[in-house]
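The structure appears right after this line, and notes come after that.
Each value in this text was obtained by applying a stated rule to the coordinates, not by laboratory testing. All values reported here derive from a predicted model rather than from experimental measurement. Glycine also receives a Cβ, built like all others from the backbone with ideal geometry; neighbour counts cover every protein chain displayed.
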Amino acid sequence: MIRVNDTITIEDWEWTESFVRASGPGGQNVNKVSTAVELRFEAERSPNLPDPVKRRLRRLAGRRWTTDGALLIFVQDTRSQARNREIAQERLAELIRKACEKPKRRVPTKVSPNQKRKRVDAKKKRGEVKALRGKVED
């Protein structure tokens, strides 16, 4: 069981782990031991996640979201399988925590009439300075 916050916990049946051989350093060990972890979380079918959180999670996941509504997390950071499992579970919990945060609604702002007037005055003044440049006639 993964505890995300006070209200959300992910049960063991909602996610599966598979182990594959990791690329990168590891010497002869890299060819023998499957240390990389692929965590698959069935987010769309999860009864513990509210619908708004699922929608935000889908947007945050990006390419890690599959067509059947699962979230894939692949970790091969360390040479230890146990540590990679912990990292994958931490990343899943962190992603769900971010999805739980309700984004602030953007309030569109307007340029004040005073600011518009100042901008036009500055442009006029600059135009006058440029108009004064040029040849001096007798």
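Summary table below
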| quantity | calculated |
| --- | --- |
| Selected residue (criterion: surrounded by the fewest Cβ atoms within 10 Å (Cβ to Cβ)) from residues of segment 44-74 that are over 17 Å from residue 11 (Cβ atoms), more than 15 Å from the chain's Cα centre (by Cα) and of a type outside the set (Phe, Trp, Tyr) | 67 |
| Within segment 75-90, tally of residues that are within 17 Å of the chain's Cα centre (by Cα) and surrounded by fewer than 16 Cβ atoms within 10 Å (Cβ to Cβ) | 1 |
| Residue check, residue 113 surrounded by 10 or more Cβ atoms within 10 Å (Cβ to Cβ), of a type outside the set (D, E, K, R), without any contact (Cβ under 8 Å) to a residue 12 or more places away in the chain and out of contact with any strand residue (DSSP E or B) (no Cβ under 9 Å at 6 or more places or on another chain) | no |
| Test for residue 9: is it surrounded by fewer than 16 Cβ atoms within 10 Å (Cβ to Cβ), polar (S, T, N, Q) and in contact with a Leu (Cβ under 7 Å, 6 or more places away or on another chain) | no |
| Single unsatisfied condition, residue 36 versus (1) at positive phi; (2) surrounded by 16 or more Cβ atoms within 10 Å (Cβ to Cβ) | (1) |
| Qualifying position, being touching a Gly at 6+ places or on another chain (Cβ under 6 Å) and in contact (Cβ under 8 Å) with a residue 40 or more places away in the chain, among 56, 85, 97, 79 | 79 |
